[in-house]
Each structure stands twice: as structure tokens, then as C-alpha cells.
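Just so you know, all these numbers are worked out from the coordinates, no wet-lab data involved. Just so we're clear, the structure is a prediction, and the values are computed from it rather than from any experiment. Because the Cβ atoms are built from the backbone with ideal geometry, glycine has one as well, and the counts that use them run over all protein chains shown.
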Amino acid sequence: MPSSFDVTSLASLDTSALPRIGRAVGRGSAHAKLILFGEHVVVYGKPAVALPLRAMRMRATAWREGTEPRFESDHYTGPLATAPEIVEAPRKAIEETLRAIGGDLEGLTVAVRGNIPLGRGLGSSAAAAGAIVDAVSRLHNVTLSGGEHFALVQLAEQVAHGKPSGLDALATTIPSPIRFQNASAVPVPVALDACFVIADTGVHGSTRQAVDDVRTSLERDNDSTMATIDALGELSDSAIADLETNEPRSLGARMSQAHELLSKLGVSHPALDGLVAAATGAGAFGAKLTGGGLGGCIVAVVERGNASAVASALQSAGAIQTWSVTSTGTPL
Ligand code: PMV
């Protein structure tokens, strides 16, 4: 018990997402993720590597109150029935979870809040869906298996992304670095003595659009697009060796190479290219876009002592936000 009553923390408490005291509630949460290698090519069965960003999370709370199903978030608060398009994937997560566990919508309120920026390739949609699946199932005292949870998040991700690989669904749930391929993940024992600086261009990138663009270029020019996809897939496994054996320079070179290949695939953006150049200009070992692209974020691998200089250079080059994390995704 605290010995004194802290009025300041009470004043800053956001009560909007809290059900009235005494009600049964279900809670869930999932973290952001950082794709180090393999975005897009993972859709074609190639390996990818991702880190958990555990300090960035989406949290969901579910409870029953009245009769009308409702949704609460920073973007929309009101009846679920009249929610805008941005709530379509969360709505799918709610409905499919209820269907799977035999619950109904009547009187259900689901509130989702978090600090993962939307549409920046950091996994906000998968983390929101994962948090909702847990909150709704726990409200009904149902414990889902890992496979059931994954399948439900994937249904919501189909609304957000079209045909997701499943990388985001697992990388936002598993609290360690992973190698992902064909819907299964294994931990990567990272021993890298360097850190990652992530920078947000502030440009909203549509993952669905980027995935469609890659598919179109594969249809139009199969041989050369497939060669690029193969090269990116090979980089994922070479990068895992660098992560395991502490080779930051080699990892950086592969990141810059991956950025070139992703640009060739058509998923970069001038703002991403500008930040990649700013990071390497400030002494990063290498840098690339991360996630779906067409906007969103870049990631640079940097000597620990150089992280704040690289972050400042990225801000001067136009980044609206930067995050520095250890080689396993913990904030510096
Ligand atoms: O959600 P994003 O923008 O991080 O993209 C997910 C990664 C992709 O490979 C582009 C798509 C997928 O389904 O794996």
C-alpha cells in the first residue's frame, strides 16, 4: 500500500477506457515489432527476422454494459454498428473471437489504447487485434491456444492487409527476436553489441498497396522480380548469422543492400531514402526501410555510443520521431 495519496498520478489517470468498478473485465495487450529483414519476401515463403518492441504496446479492455455494442479508441468512440473504416479490422477481431468462443455482441464494449503509431510498419494493426482477441476471450474466461490466437489475429489482419504472411501476428506476440518462415517462428539468439535507431518519416504507408504493387511487378516481370525476392530472402539468413556472431558492420552492409533491393521492388519512398542516407551519413553501419514501406519507418544499426548522434541527424533530416533500442528491442 502506498503511504501517501498521490494526487498528481490520479489527475493524469485516463479513466475513459475504464469500466465501472465491480464489473467483470477482460484485458489483453500486445507489443510493436521491428522487421529487420524479409518484409514482403516473407509473403512468398522467404525467411524474415523481427524484434519485439516491448515498450510500444496496444492494450485492450472488454466489458459488458447496456445493450449496444461499443468501441472506444483515440480514433473513434461510439457504437460499433456505425464505426468508420479504420475500426473494420478491430471489429473483425471482436466478431471472430466471439464466434470462436460462442459469445455474443450484446452490450459488449471494447476499448483499445496504445502508443504504436498507425500505418508506420511497426505492427499497430496486428498488436491491436492480438490485444482484442485476448481481452474478449478472457472476459469469457476462455484460454485460447497459440494457434487459435494466431488464426483470429490473421482474420483481422486480412481486413487490414489482404493476404498477410502471419509475420506481424507472431512478432507482436512473441517477446524475443524471431526468424519467421511459412507461418512458424523460431527464436534467434542475438549477440549483437550494437543498437538500432528507428525513425518515422511521418508518411503513412499502406501495406496493402505495397503488397499489391509487389504482386503486380511479379506478374509483369516475373524473372527479375523473383531474383530480387530471392536475394532479399538470402539476406535474412546471412543477417541472422551476423546477429548471432556480433558482426555489426556486416549486418549494416546487408541492411543497406536490402534497402536497395526493396527500392527496386518499388516499396520505398523519397522520405525513406532520405532518412536512410541521413543515418549512414551520420555514421550508422547501415540502414533500410522497415515494414510495408511506401512511407513509415527506417531502421539503422548503430554503435551504442553513436545512437544519440544518429537520432539527432535523423530528426534534422525530417524524422518526426525516433526510438533507440538494444539489439533485442529493449529501449536504450
Ligand atoms: O504491417 P507492416 O507494414 O509491417 O508489413 C508487414 C510485412 C509485410 O511483409 C509487408 C506483409 C506481410 O504480410 O508479411
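Worth pointing out:
- Likely footprinting exposure, K163, K33, fewest C-beta neighbours within 10 Å first: K163, K33
- Between S184 and E88, the contour length at 0.36 nm per residue exceeds the alpha carbon distance by 31.9 nm.
- The range 211-228 - phi-based ³J(HN,Hα) in whole Hz, Karplus 6.51/-1.76/1.60, Gly and Pro as x: 5, 5, 4, 5, 4, 4, 6, 5, 5, 7, 9, 4, 5, 6, 5, 5, 5, 5
- The phi-based Karplus calculation (6.51 cos²θ - 1.76 cosθ + 1.60; θ = phi - 60°) puts the 3J(HN,Hα) values of the range 120-131 at 10, x, 9, x, 4, 5, 5, 5, 5, 4, x, 5 Hz, whole numbers, x for Gly and Pro.
- Close amide-amide hydrogen proximity is noted between L53 and A32, K33, L34, each under 5 Å apart and 5 or more residues distant or on a separate chain (H modeled in the peptide plane; Pro and chain starts excluded).
- Comparing mean-square fluctuations of H161, H75, H40 from a GNM of the chain with C-alpha springs under 10 Å, the top value falls on H75.
- Extended-chain gain in nm, criterion 0.36 nm per residue less alpha-carbon gap, E65 and D212: 48.8 nm
- Cβ-to-Cβ counts within 10 Å put L122, L170, L98 in ascending order as L98, L170, L122, the fewest first.
- Label positions at E95 and K163, each projected 7 Å from the Cα along the C-beta direction, are separated by 2.3 nm.
- Within straight-line cross-link reach of K264, lysines at Cα separation under 28 Å, skipping those fewer than 8 residues along the same chain: K33, K46, K163, K288
- Extension gain, S316 back to L332 (0.36 nm per residue minus Cα-Cα distance, nm): 3.7 nm
- Oblate is the label for the range 175-332, because the ratio a/c of its alpha-carbon gyration tensor axes (a ≥ b ≥ c) is 1.5 or higher and a/b is not greater than b/c.
- Cα coordinate range in the chain, projected on the principal axes (Å, largest first): 56, 54, 33
- Label-reachable residues, the range 45-79, where backbone N falls under 13 Å from a point 7 Å from S29's Cα toward its Cβ: 54-61
- Amide hydrogen proximity for G202: with H placed 1.01 Å from N in the peptide plane, the residues at 5 or more positions away or on another chain lying under 5 Å are G296, I320.
- Of the residues I174, I94, I116, I132, the one with the fewest other Cβ atoms within 10 Å heads the list, and the complete ranking is I174, I116, I94, I132.
- With the simple spin-label model, which puts each label point 7 Å out from Cα in the Cβ direction, the A81 to E106 separation comes to 1.4 nm.
- Here the ratio of the Cα radius of gyration of the range 17-88 to 2.2 N^0.38 Å is 1.55.
- Highest-MSF residue in the chain out of A100, A282, A271 [GNM, Cα springs under 10 Å]: A100
- Listed residues A151, A93, A210, most fluctuating in the chain (Gaussian network, C-alpha, under 10 Å): A151
- Values of log10 I(q)/I(0), in the order q = 0.14, 0.18, 0.25 Å⁻¹, for the range 131-223 under a Debye, Cα-only, solvent-free model: -0.76, -1.07, -1.25
- Vicinal HN-Hα couplings computed from phi for the range 153-169 (Karplus, 6.51 cos²θ - 1.76 cosθ + 1.60; Hz; Gly/Pro x): 5, 4, 5, 5, 5, 5, 5, 6, 10, x, 10, x, 6, x, 4, 5, 4
- Förster-model FRET efficiency, 41 Å R0, N246 and S224, C-beta, rounded to 0.05: 0.75
- With the helix formula -39500 (n - 2.57) applied to DSSP H stretches of n ≥ 4, the chain reaches a computed 222 nm mean residue ellipticity of -13000 deg cm²/dmol.
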